[in-house]
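The values are calculated or read from the model by the stated rules, or taken from the named source; none is laboratory data. The structure displayed is predicted, hence computed values, not measured ones. Methodologically, a virtual Cβ is constructed for each residue, glycine included, from the backbone with ideal geometry; neighbour enumeration extends over all protein chains shown. These area figures cover heavy atoms from the full protein model, side chains too; ligands, DNA and RNA do not enter into them. Shrake-Rupley method; radii C 1.70, N 1.55, O 1.52, S 1.80 Å.
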2 protein chains.
Amino acid sequence: MRPTVHDIAAEAGVSLATVDRVLNARAGVRSETRLRVQAAVERLGYVRDVAAANLAKSRIYPIRFILPSGDNPFMRALEAHVRQVGNPALRPGGLERVAVSLDCVPPLDAPALAAALIKAGEDEPAGIAVVAVEAPEVAAAVRTLQARGIPVATLVSDLPASGRNHFAGIDNMAAGRTAGGLMRRFLSGSRGAVAVIAGSLSLRDHRERLDGFAQALREAGEGLTLLPVLEGEDDPAKVEALAKRLLAEQPDLAGIYSLGAGDRGLVRALAQTKMPRPQAVVVHELSDHTRQALEEGLVDAVLAQDPGHIARSAVRVLRAFADGLVFDPAQERIRIDIFLKDNLPPARQALSDPHLPTGE
Amino acid sequence: MRPTVHDIAAEAGVSLATVDRVLNARAGVRSETRLRVQAAVERLGYVRDVAAANLAKSRIYPIRFILPSGDNPFMRALEAHVRQVGNPALRPGGLERVAVSLDCVPPLDAPALAAALIKAGEDEPAGIAVVAVEAPEVAAAVRTLQARGIPVATLVSDLPASGRNHFAGIDNMAAGRTAGGLMRRFLSGSRGAVAVIAGSLSLRDHRERLDGFAQALREAGEGLTLLPVLEGEDDPAKVEALAKRLLAEQPDLAGIYSLGAGDRGLVRALAQTKMPRPQAVVVHELSDHTRQALEEGLVDAVLAQDPGHIARSAVRVLRAFADGLVFDPAQERIRIDIFLKDNLPPARQALSDPHLPTGE
DNA sequence: CAGATCCTGATGCACGTAAATCAAATTCTG
DNA sequence: CAGAATTTGATTTACGTGCATCAGGATCTG
């Protein structure tokens, strides 16, 4: 059996109360005694039983998520997963005692986001997770929260200058490079123009993807020229207009990299065009639209990040920060998923059969 | 606050003892009363506090892993992750109260594996996880365990005929197809021979990858001919010999797909050959060797599955089965990771800074 | 209707930890 | 050395659930 506080007390020759004081860093222990207790902890390999501790404290971890509103399918999928983590009945094991709440603010609206952050911190939550917009007022808000002892994790789009505790999302520079590498190999030998459609360059993830992509394409060196980046504001209608003009006016278009949202518009433009379609199309995030486009061959590769993983990871990490505990960075690393027609995951499953123990 | 058993008792107008009898499916409750209690559970949305329940039962989940011995780097990485999950100090949150034990048996030895399975089941563990070899005696052993109420999960290589409760690993058919799709795109236009090096076709994962690969290549239709499959028994020396002969005797070799282990041998052969190297090389599993080969351009893509995810997922799922609880299939789906030079993850990290609360 | 059987309630201990209270022992201060 | 301050011990309650025991009531059986 694992050692308990009682074993520590016996081993150190002190009382339970003193062990408790040391373990919870309470005052009123001579440093000599403290050392004795810590030595006993070492010797016996004591590890606090977090479940029992939380039970005793009847501690719950209030965690606030702040996501952009709007019809971006990826953000809505993320929202769905956040809600699932917040639902005790649907919550998978290991995410006990969290109370998740969720706020949406208009996308790309830095003042609104900063205000929402400050408001979210008002009732001392255990942690805040936010899809960041890169702006000074947002960074300031994050710093304010941290100064008040509230850990903050950024999701999807980072804000390193704010000193946030953690970023749950992919390495967007690497994602851009990957897109570039795929594009280069898919176009091996051919010459032509390559277009990039972004959402907004005020989103750090979009900027980083662009940088990585440009870098990989430059290394390629072959006859591929990168066209000036287009900004579609993640809006399907605007993206569709941009893509249509691109297809009409750029006869030597060899590839398109869409690194933001609004791919519905891009797919529509590709499906309707009478011009020859570009040889390689790479987009981001798996949705019903991009999945179908991949199956139909309108899109050649989808780079993605798993919104379920992001939601669960953010909760785990924020809880670890709130308790000053360790977490496993390898487990929390969000992978860059590459989907081709051949490795599309099955469409969306429900939970496994709930043979709940309430029956007989 | 979440409702507790006390709330259920009050709501249903019965005593705590009766609620306990219903919740734990114990005998001695009139069905009318049982229904009243269940209705109260429904109404209040009661969810059992598993942490408190396990504390009360002082339940631990003994989980046994059976892995192949030998120097296969992927299996050794899997072993390392299994040991980490078994270590209370290193274990990431959410995997509480498990006692992991680990046995290794010689690879590809079905009788030894079957014997190890039966032995592992002797002291009634909460679950068994095993890398399966496809053989009747292994399937029979798994069925025996299940008949005794012990849930079994297969890892990496499946054994569906055994009726195992769960498979923690990738969809190997899809992995083979993905390799084929990548190969086809990487070789777009060119003609030539494509070689496949497997470990052993008595491993189901290898057979499935081969099937998927052949299928994708056939669909391609272009001038690519698939050479007869080679079996290297996952042994670097044998793989090296096979690859050297291949490179020497097959002048029109356009691609190599290595779907088993022993890639160290393949990389050596590629590095040393004086013949022109094949245009596309795809291998499985990320190790120091394959990582370096990818960086040096000897290998073009690595398909992989995350051993850490597999180890953690197996424990979560087996625990859920042991308790008859739900789990989230999406969370437990093992992804097919595609690594290119551009999206290699950072080399191997330690746990996050352990600001343990034992200090002051 | 006596006795057996079944259903239900009441109660208490246990799990490992947190946290509070009060008393006693030790050390420090003047 | 008295008095205050600090450190330590002992004890209790609580968290939500599991599990066992005992007693009393209801229902059934012969």
> For B:PRO329, which inter-copy label distances result when the label point lies 7 Å beyond Cα on the Cα-to-Cβ vector, reported in nm to one decimal and in ascending order?
Replying inline: 3.5
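Need one value for B:172-185: mean number of C-beta atoms belonging to other chains within 10 Å of its residues' C-beta atoms. Intermediate values should be presented prior to the final figure.
Values: counts 0, 2, 6, 2, 2, 4, 7, 2, 2, 6, 8, 0, 1, 9.
For this peptide, the per-residue mean of nearby foreign Cβ atoms is 4.
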> Which value, in Å² and to the nearest 10, is the accessible area of B:ARG277 when all protein chains are kept and the probe is 1.4 Å?
Replying inline: 120
>> Can you give me the distance in nm between label points at A:GLU124 and A:ALA53, each placed 7 Å from the Cα along the Cα-to-Cβ direction?
In response: 1.9
> Using +1 on the beta carbon of Lys and Arg, -1 on that of Asp and Glu, and nothing else charged, what's the dipole of the protein assembly as shown about the Cα centre, debye to 20?
Replying inline: 880
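Taking the Cβ of B:SER58 as the centre, find all other residues whose Cβ is under 11 Å away and add up their charges (Lys, Arg: +1; Asp, Glu: -1). Could the numbers behind the result be given before it?
Numbers: positive: A:ARG2, B:LYS57, B:ARG59, B:ARG97; negative: A:ASP49.
Local net charge: +3.
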> For peptide A:253-266, how many partner chain Cβ atoms fall within 10 Å of a residue's Cβ, on average?
Replying inline: 0
> GNM on chain B, C-alpha springs below 10 Å: top fluctuator among B:THR273, B:THR18, B:THR290?
Replying inline: B:THR18
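For the range B:5-48, what does the accessible surface come to per residue with a 1.4 Å probe? Please give it in Å². List each step's numbers first, then the result.
Details: 2570 Å² over 44 residues.
Ligands and nucleic acids excluded, the result is 58 Å² per residue.
Would you work out the charge dipole size for the range A:58-99 about its Cα centre, treating the Cβ of every Lys and Arg as +1 and the Cβ of every Asp and Glu as -1, and quote it to the nearest 20 debye? List each step's numbers first, then the result.
Working: 6 positive and 3 negative charges, 38 e Å.
It works out to roughly 180 debye.
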>> Between the range A:267-310 and the range B:124-203, what is the separation of their alpha carbon centroids in Å?
In response: 30
> When chain B is treated as a GNM, springs tying every alpha-carbon pair under 10 Å, which of B:ALA280, B:ALA51, B:ALA135 comes out with the largest mean-square fluctuation?
Replying inline: B:ALA51
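Need one value for A:320-329: mean number of C-beta atoms belonging to other chains within 10 Å of its residues' C-beta atoms.
Details: counts 3, 2, 0, 3, 6, 7, 12, 6, 13, 6.
Per residue, the average neighbour count from other chains is 6.
What is the range B:65-186 by shape, rounded, prolate or oblate, if you read a ≥ b ≥ c off the alpha carbon gyration tensor as root eigenvalues and call it rounded for a/c under 1.5, prolate for a/b larger than b/c, and oblate otherwise?
Numbers: a/c = 1.79, a/b = 1.26, b/c = 1.42.
Oblate, because a/c is 1.5 or more while a/b does not exceed b/c.
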>> Check which residues have an amide H placed less than 5 Å from A:VAL196's amide H, if you skip close sequence neighbours.
In response: A:LEU227, A:LEU230, A:TYR257
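Run through the DSSP bridge list for chain A and note the antiparallel percent, rounded to the nearest 5. Don't skip to the answer; put the middle values down first.
Values: 3 of 38 bridges.
Of the beta bridges lying entirely in chain A, close to 10 percent run antiparallel.
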> B:THR225 label points, 7 Å along Cα→Cβ, one per copy: pairwise distances from this copy to the rest in nm, shortest first?
Replying inline: 4.2
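Relative contact order (percent) for the range A:176-333, with alpha-carbon contacts under 8 angstrom and 6 or more residues of separation? Intermediate results must be reported in sequence, preceding the final value.
Working: 262 pairs, mean separation 34.0, N = 158.
Taking the mean separation of contacting Cα pairs over the length of the range A:176-333, I get 22 percent.
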> Total Å² of accessible surface buried at the B-A contact, 1.4 Å probe, nearest 100?
Replying inline: 6100
> Between B and A, which B residue has the Cβ nearest their rotation axis, distance in Å?
Replying inline: B:GLY94, 1
> Which ³J(HN,Hα) values in Hz, rounded to whole numbers, follow from the phi angles of the range B:115-127 under the Karplus curve 6.51 cos²θ - 1.76 cosθ + 1.60, where θ = phi - 60° and Gly and Pro get x?
Replying inline: 5, 4, 4, 4, 5, 4, x, 5, 9, 6, x, 6, x
>> Suppose we take every Cα in chain B and form the convex hull; what volume per residue is that in Å³?
In response: 185
>> 5 Å is the cut-off here: which amide hydrogens, built 1.01 Å from N in the peptide plane, fall below it relative to B:PHE65, excluding neighbours closer than 5 in sequence?
In response: B:SER101, B:LEU102, B:ASP103, B:ALA129
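According to the Kirkwood expression over distinct Cα-Cα pairs, how big is the hydrodynamic radius of the range B:5-48, in Å?
On the way: mean 1/r = 0.1006 Å⁻¹.
Mean inverse Cα-Cα distance, inverted, gives 9.9 Å.
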> Taking springs between alpha-carbon atoms closer than 10 angstrom, which of A:GLY13, A:GLY181, A:GLY265 fluctuates most in the Gaussian network model of chain A?
Replying inline: A:GLY13
> Given a 1.4 Å probe and the protein chains all in place, what does the accessible area of A:SER188 round to, in Å² to the nearest 10?
Replying inline: 50
>> Classify the range B:172-304 from the C-alpha gyration tensor, please: rounded if a/c falls under 1.5, else prolate or oblate depending on whether a/b exceeds b/c.
In response: rounded
> Using alpha-carbon pairs under 8 Å, 6+ residues apart, how would you state the relative contact order of chain B in percent?
Replying inline: 14
>> Explain nothing, just the number: dipole magnitude of chain B about its Cα centre with +1 on each Lys and Arg Cβ and -1 on each Asp and Glu Cβ, in debye rounded to the nearest 20.
In response: 660
> Among the lysines, which fall within straight-line cross-link reach of A:LYS244, defined as a Cα-Cα distance under 25 Å, with same-chain neighbours fewer than 8 residues apart omitted?
Replying inline: A:LYS274, A:LYS341
> Tell me, what is the FRET efficiency for B:THR225 and B:LEU201 to the nearest 0.05, using R0 = 22 angstrom and their Cβ-Cβ distance as r?
Replying inline: 0.65
>> With angles folded into 0 to 90 degrees, how steeply does helix A:263-272 sit against the dominant principal axis of chain A? Use alpha carbons for both and round to 10.
In response: 20
> Could you give, in nm with one decimal, how far A:ASP103 is from each other copy of that position, shortest first, with labels 7 Å out from Cα toward Cβ?
Replying inline: 5.6
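May I ask for the net charge around B:PRO107, where only other residues with Cβ less than 9 Å from the Cβ of B:PRO107 are counted and Lys, Arg are +1 while Asp, Glu are -1?
Values: positive: none; negative: B:ASP109, B:GLU233, B:ASP234.
Overall, the nearby charge balance is -3.
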